[in-house]
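Here is the structure we will look at.
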Amino acid sequence: MGIGGERKFLKMPTRRKNLVETRDLTYSYPDGTQALDRVSLIVKEGESVGIIGPNGAGKSTLLLHLNGILGHNRSVWVSGMELNRANLKEVRRKVGIIFQNPDDQLFCPTVFDDVAFGPRNLRIPEDEVARRVKRSLEAVGLAGFEERSAFHLSFGQKKRVAIATVLPMEPELLVIDEPSSNLDPGGRRSIIQLLRDLGGTQIIVSHDLDLVSQLCHRVIILNNGRKITEGTTQEILRDQALLKANGLL
Ligand SMILES: Nc1ncnc2c1ncn2[C@@H]1O[C@H](COP(=O)(O)OP(=O)(O)OP(=O)(O)O)[C@@H](O)[C@H]1O
Ligand SMILES: [Mg+2]
């Protein structure tokens with residue numbers, strides 16, 4: 001079914017606490033490129049929020065701020081805590097980010113080590129690490145891939161391993177950049193199913209508006225580093241003029 005058809009859109013959960021908040025988040029890269037300009041948003045516990053916008057809008061840059069990868073400039077709150085140097089580790093435990101490019105996430109000799117990296121860092125005992133790795137690989141449909149090297153997997157398989165790397169940390173928020181890009185139709189369907197099964201609070205950046213319509217309660221449009229608008233998935237995805245004006249149709 002096309003966007004804006006008679007799809008049943010997800011209903012927004014109500015009366016939940018704010019899990020993530022940005023207030024006037026502004027960021028320029030060291031070369032002077034301004035990537036974010038006063039972006040304020042709130043994501044509530046249990047919500048799935050889509051962030052859409054054209055190439056270069058600032059979507060990935062925004063995600064990288066949610067666990068302090070690009071620094072912490074007093075504009076991001078996670079579970080009511082202002083992200084700062086002192087609580088960086090705690091915030092990173094709560095926020096699992098899956099990067100746009102899985103090659104940025106996978107660097108160990110084996111898939112097992114990649115998925116075990118986070119929990120080992122937390123000094124979780126090795127038998128519990130092994131249990132979590134097994135569960136995480138099963139969740140992404142890659143049981144039996146433990147001894148393979150991620151370098152030699154297909155793009156879609158790497159994307160799944162990248163998702164698996166954040167699961168053992170049991171994050172409160174799952175942040176995923178372009179979950180369906182470069183996946184074949186079957187791979188895309190199973191990633192959608194996986195994200196739906198995982199549930200919890202999610203922020204999903206995607207150019208795949210159909211995926212967004214299936215997974216997100218709410219959508220935020222970003223363009224030129226600015227938040228253009230936000231609304232329910234239904235409101236935003238049915239507004240063809242808005243989508244066109246922002247390079248999304
Ligand atoms: N490391 C960097 N150094 C300088 N500028 C950067 C860097 N990374 C991104 N930018 C710039 O910041 C802006 C936002 O980039 P970003 O990657 O956040 O966009 P995006 O919305 O994720 O785009 P896409 O849909 O292509 O993934 C762009 O103008 C981009 O050129
Ligand atoms: Mg991006």
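Coordinate-derived values only; no laboratory data. Everything numeric in this text was worked out from a predicted model, so none of it was measured. Virtual Cβ from ideal backbone geometry, glycine too; neighbours counted across all protein chains shown.
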(message) Net charge within 12 Å of ILE42 by Cβ-Cβ distance, Lys/Arg positive one each and Asp/Glu negative one each, not counting ILE42 itself?
(response) +2
(request) List the relative contact order of the stretch 185-238 as a percent without decimals, with contacts defined as Cα pairs under 8 Å and 6+ residues apart. (result) 25
(message) For the stretch 200-249, report the % of Cα-Cα distances exceeding 18 Å.
(response) 20
(request) May I ask you to list the aspartates and glutamates whose Cα is less than 16 Å away from that of LYS94, ignoring any residue fewer than eight positions away on the same chain? (result) GLU21, GLU45, GLU47, GLU82, GLU170, GLU172
(request) Please give the net charge around SER154, taking every other residue with its beta carbon less than 12 angstrom from that of SER154, where Lys and Arg add +1 and Asp and Glu add -1. (result) +3
(request) Would you work out the relative contact order for the stretch 17-168, in percent, from Cα pairs under 8 angstrom that are 6 or more residues apart? (result) 19
(request) Quick one: of LYS59/LYS244; LYS8/LYS159; LYS59/LYS159; LYS134/LYS159; LYS11/LYS44; LYS11/LYS134, which pairs are farther than 21 Å apart, Cα to Cα? (result) LYS8/LYS159; LYS11/LYS134
